[in-house]
Amino acid sequence: MSTLDDMIALARAAQARAYAPYSKFRVGACVRTESGELYAGCNVENAAYPQGQCAEASAIGAMVHGGETSIVEVVVIGDGDGLCTPCGGCRQRLNEFATGDTPVHVCGPEGLRKTIPLGELIPYAFGPKNLDTP
Ligand code: THU
């Protein structure tokens, strides 16, 4: 089993635990940090729809709770025929802790569908460095 296989397995297990009674669209995510640790999360919807949380946000929350802030690889898994790429907000959330080169592996039920560098998903991103003013 490769690290990517481990990440996909964790993301798939997280997806199975998604709370998505409104959209019925279950998503799982897994981030790997600099230390090699893996953190997973699922989407958590809410009756007040805008309060729902994406799987990536949940995985990032677990990572920060684990004391880490540096993402080196990302897996997102969703159902359907399309590519379950991170939403705009989650591209920004990932950008906070990753670089433009960080691979985002977009997966479906059968496994890996496409790997996209974060910088292609969010070009010209505004990030922590923008706040470094003299
Ligand atoms: N969703 C995620 O969790 N991650 C994504 O990358 C795309 C969308 C969730 C949000 C909502 O709970 C459901 O998928 C349908 O949009």
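The values are calculated or read from the model by the stated rules, or taken from the named source; none is laboratory data. Keep in mind the model is a prediction, meaning the values are calculated, not measured. Glycine also receives a Cβ, built like all others from the backbone with ideal geometry; neighbour counts cover every protein chain displayed. Quick note on the areas: whole protein, heavy atoms, side chains included, nothing else; ligands and nucleic acids left out. Shrake-Rupley method; radii C 1.70, N 1.55, O 1.52, S 1.80 Å.
Multiply the residue gap between Ser70 and Phe126 by 0.36 nm, knock off their C-alpha separation, and tell me the result in nm, one decimal place. Show your work: numbers first, answer last.
Working: separation 56, 0.36 × 56 = 20.16 nm, distance 1.69 nm.
Here the segment from Ser70 to Phe126 would lengthen by 18.5 nm.
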Evaluated at 10 °C with a viscosity of 1.306 mPa s, what Stokes-Einstein diffusion coefficient in µm²/s does the chain have when Rh comes from the Kirkwood expression over alpha-carbon pairs? 108
Find the centroid of the Cα atoms in the stretch 1-57 and in the stretch 82-102, then give the distance between the two in whole Å. 13
Cα-projected label distance for Gln92 with Asn46, points at 7 Å along beta-carbon direction, nm: 1.6
Given a 1.4 angstrom probe, what's the average accessible area per residue across the stretch 1-86, in square angstrom? 51
Carbon-plus-sulfur fraction of the accessible area of the chain, 1.4 Å probe, in percent? 53
Pull out the extension gain between Thr85 and Arg17, defined as 0.36 nm times the separation in residues minus the alpha carbon to alpha carbon distance; nm, one decimal. 22.6 nm
Under 5 Å from the placed amide H of Ser70, counting only residues 5+ away or on other chains, we find Glu34
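Is the stretch 28-87 best put as rounded, prolate or oblate by its Cα gyration tensor, with a ≥ b ≥ c the root eigenvalues, rounded for a/c under 1.5, and otherwise prolate when a/b is larger than b/c, oblate when not?
oblate
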